[in-house]
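Down below is the structure, laid out as structure tokens.
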Amino acid sequence: MLAKLIIAGTVGALIGAAAVAAAAPELNLRGGRFKPPTYAELSPDQKTYVDREIAAGRTPGPGGPSNINLRSPEMADLSRPLTEYLRFKSPMQRKLKEIAIMLTARFWGGQYVWYSHRQQALDAGLNPAIISAMAAGERPADMSADEAAVYDFATSCCRPGR
């Protein structure tokens, strides 16, 4: 009888472990400075954050800020409204936002941000010659007054030593 209970308990534990492993999402995060955790390594607050992101259709993936947001789920939650306003609701033209984003990405060496926003800048109508000049570290020629103002402001903010 005891042997049957031990066997049943072991089988139940294995099935439970398999169910938990199957339910745990594969995060596939990237990171150089911060080692990307697996779902099993997350704290309860981090798991709550990841589960909420997945439920909202924002599955944490290899790109974007997911690996950093996991360091402080509370900060990620608090910053979401500001981020959404800046990205989607602020009155600035989208192509102008993309200039600032891309210059900041170039300054900080954010290759993922640069390449993902390169396409977004093209979709927003930014001249490919402007993107090419920024990629080469050159001031683009033939910018509109608004484009030049954003370029000048962003590059003044992204000078070494600032």
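Values in this text are rule-based calculations from the coordinates and carry no lab data. Values in this document were obtained by computation on a predicted structure and should not be read as measured data. Positions of Cβ are generated from backbone atoms using ideal geometry, with glycine treated the same way; all protein chains shown enter the neighbour counts.
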Quiz item: Could you give me the ³J(HN,Hα) list for segment 93-108, computed from phi with Karplus coefficients 6.51, -1.76, 1.60 and θ = phi - 60°, whole Hz, x at Gly and Pro?
Solution: 4, 4, 5, 6, 4, 5, 4, 5, 5, 5, 5, 5, 4, 5, 4, 8
Practice problem: Under a cut-off of 14 Å between alpha-carbon atoms, report the aspartates and glutamates in cross-link reach of Lys97, not counting same-chain residues fewer than 8 places apart. | Solution: Glu84, Asp123, Asp146, Glu147, Asp152
Self-check item: Fully extended contour minus Cα-Cα distance, from Asp152 to Thr83, at 0.36 nm per residue
Solution: 22.6 nm
Quiz item: Using the Cα gyration tensor of segment 56-161, with a ≥ b ≥ c the square roots of its eigenvalues, what is the shape: rounded (a/c below 1.5), prolate (a/b larger than b/c) or oblate (neither)?
Solution: prolate
Quiz item: Which loop-located trypsin sites (Lys or Arg not before Pro) does segment 44-101 contain, where loop means any DSSP state but H, G, I, E or B and the Cβ has at most 13 other Cβ atoms within 10 Å?
Solution: Arg58, Arg71
Self-check item: Where labels lie 7 Å past Cα in the beta-carbon direction, separation of Ser43 and Ala124 in nm
Solution: 3.4
Exercise. Round to a whole angstrom and tell me the spacing of the C-alpha centers of segment 124-162 and segment 74-112.
Key: 15
Quiz item: HN-Hα J couplings of segment 31-45 from phi, Karplus 6.51/-1.76/1.60, θ = phi - 60°, integer Hz, Gly and Pro as x?
Solution: x, x, 7, 10, 4, x, x, 8, 4, 5, 7, 6, 6, x, 5
Quiz item: Roughly how large, in nm² to one decimal, is the mean projection of the convex hull of the alpha-carbon atoms in segment 42-100?
Solution: 4.6
